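Below is one structure, written out as structure tokens, with a few remarks after it.
The values are calculated or read from the model by the stated rules, or taken from the named source; none is laboratory data. Quick caveat: nothing in here was measured; it's all calculated off a predicted structure. Using ideal geometry, Cβ is built from the backbone for each residue, glycine included, and neighbour counts are taken over all protein chains shown.
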Amino acid sequence: MHQTMIRNLFGRHALIVLACLIASIALLESIDSSVLPWKSWKDSGHALVFGLAMYLMLEVLQQSTSGSRRLPVAAGIGGLLFLAGIAIEIVQPFFGREASFTDITYNLIGIASGIVIFTAFHQQSRQRLLSLAGFVILLGLTLFRPVYDAYVVLKRDQAQPYLLGFENAYEKMLWQPSPGAHISVVEAPVEWKSNTGQTAKISFLSGNYPGLSIPEIYPDWRGYTQLVFEVFSPEDTPVTITVRINDLAHNNKHHDRFNRQLTVKPGKNRYVLPLSEVKNAPQGRQLNIEQVAQVILFTGRPEHSLTLYFDNLHLE
């Protein structure tokens, strides 16, 4: 009897959709979203979850609501789902997670996809084709960023032993400015005669520790012995910068990572950091050079704005 009531309530597809919804939530929660491309795949998964939820509710609606009331009730369900998604993003910072406008966008795409697929299953052939065409468009919007991020990771991995050279568009996905810094990709200064390509112009403006962060660095440094990069300074006096390197196991403590202060003299500077020193830098353990998570180049609290050019980060 209970099984009959459940079938009557949920309809032909809904039990399968409910199982898929539960499995999707469990799968998304298991994804490590700290690195590309899994972060964008997890973000786009919001569309899957909200699409399945919308479809499920429309199936229940079809079984339990008369025809004249279905449209306004369906609109209300979609609106409530959308508001629920916004509420989730608002409360996430209180649980150690970041709110994301991107997630809200994926939620909306998912709700629309659920409506479109439900329509495709319950309409005539011509209308069904239109609905499926709409779904393909929504699917493309959902998958564009994850697929592009996968391409970025592929190109990054193929570029080894070069980690960052600022010559390719995909590299912009690998780095970001730290607060208080402005970074632009420009032609190397004419005074930097050995560099005829593009370089990162880093303007250290204000705040605590402005600089260049590379959170999507190629992680596996095994088989190499040193990290090499170049800095060109147009400043009149020497400047002190710090290089920070940490792995995935980093506990965000100063003693649990590699930190090295470097003096940048006016003109071209080339730095070589032995990976043996990077590996042995943390106290009480070794830094895992198979899982390097981030490289940061920064200054302390600059008394005045200054500019440096950074390029040719690679392994040897």
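Looking only at residues in the stretch 257-306 that are at pLDDT below 95 and of a type in the set (Ser, Thr, Tyr), the one that is nearest to the chain's Cα centre (by Cα) is THR299.
Taking the criterion of being loosely packed, with under 12 Cβ neighbours inside 10 Å, part of a loop (DSSP other than H, G, I, E, B) and among the polar types (S, T, N, Q), the only residue of the stretch 259-285 that qualifies is GLN283. How do the pairs read when you match residues in the stretch 279-306 that are closer than 23 Å to GLY211 by Cβ with residues anywhere that are among the aromatic types (Phe, Trp, Tyr), using Cβ under 6 Å and keeping only pairs 6 or more apart or on different chains? Cβ pairs passing all conditions: ALA281/PHE258; ILE289/TRP221; VAL292/TRP221; PHE298/TYR209; THR299/PHE204; PRO302/PHE204; LEU306/PHE204.
The selection criterion, being within 24 Å of VAL152 (Cα to Cα) and of a type in the set (Lys, Arg), holds for ARG222. Restricting attention to the stretch 234-261, the residues being under 17 Å from LEU212 (Cβ atoms), out of contact with any Asp or Glu (no Cβ under 9 Å at 6 or more places or on another chain) and touching a residue at least 24 places away in the same chain (Cβ under 8 Å) number 8.
Going through (1) surrounded by 14 or more Cβ atoms within 10 Å (Cβ to Cβ); (2) not assigned by TED's automatic domain parsing to the domain that holds ASP220 one by one, LEU129 falls short only on (1).
Mind checking whether some residue in the stretch 151-174 is aromatic (Phe, Trp, Tyr), surrounded by 18 or more Cβ atoms within 10 Å (Cβ to Cβ) and under 28 Å from ASN259 (Cα atoms)? Scanning the stretch 151-174, I find at least one residue that is aromatic (Phe, Trp, Tyr), surrounded by 18 or more Cβ atoms within 10 Å (Cβ to Cβ) and under 28 Å from ASN259 (Cα atoms), so the answer is yes. Restrict the check to the stretch 207-222 and report whether at least one residue is small (Gly, Ala, Ser), at pLDDT 95 or above and over 24 Å from the mean Cα position of the chain (by Cα). No, the conditions are met nowhere in the stretch 207-222. If you go through the stretch 69-101 and keep only what is outside any helix (DSSP H, G or I) and at pLDDT 80 or above, you end up with just SER100.
Looking only at the stretch 135-148, decide whether some residue is outside the structural domain of LEU56 (by TED's automatic domain parsing), at pLDDT 85 or above, assigned to a helix (DSSP H, G or I) and under 24 Å from the mean Cα position of the chain (by Cα). No; the residues of the stretch 135-148 include none that is outside the structural domain of LEU56 (by TED's automatic domain parsing), at pLDDT 85 or above, assigned to a helix (DSSP H, G or I) and under 24 Å from the mean Cα position of the chain (by Cα). Of all residues in the stretch 231-258, which are exposed (fewer than 15 other Cβ atoms within 10 Å of the Cβ) and part of a strand (DSSP E or B)? Correct list: THR240 only.
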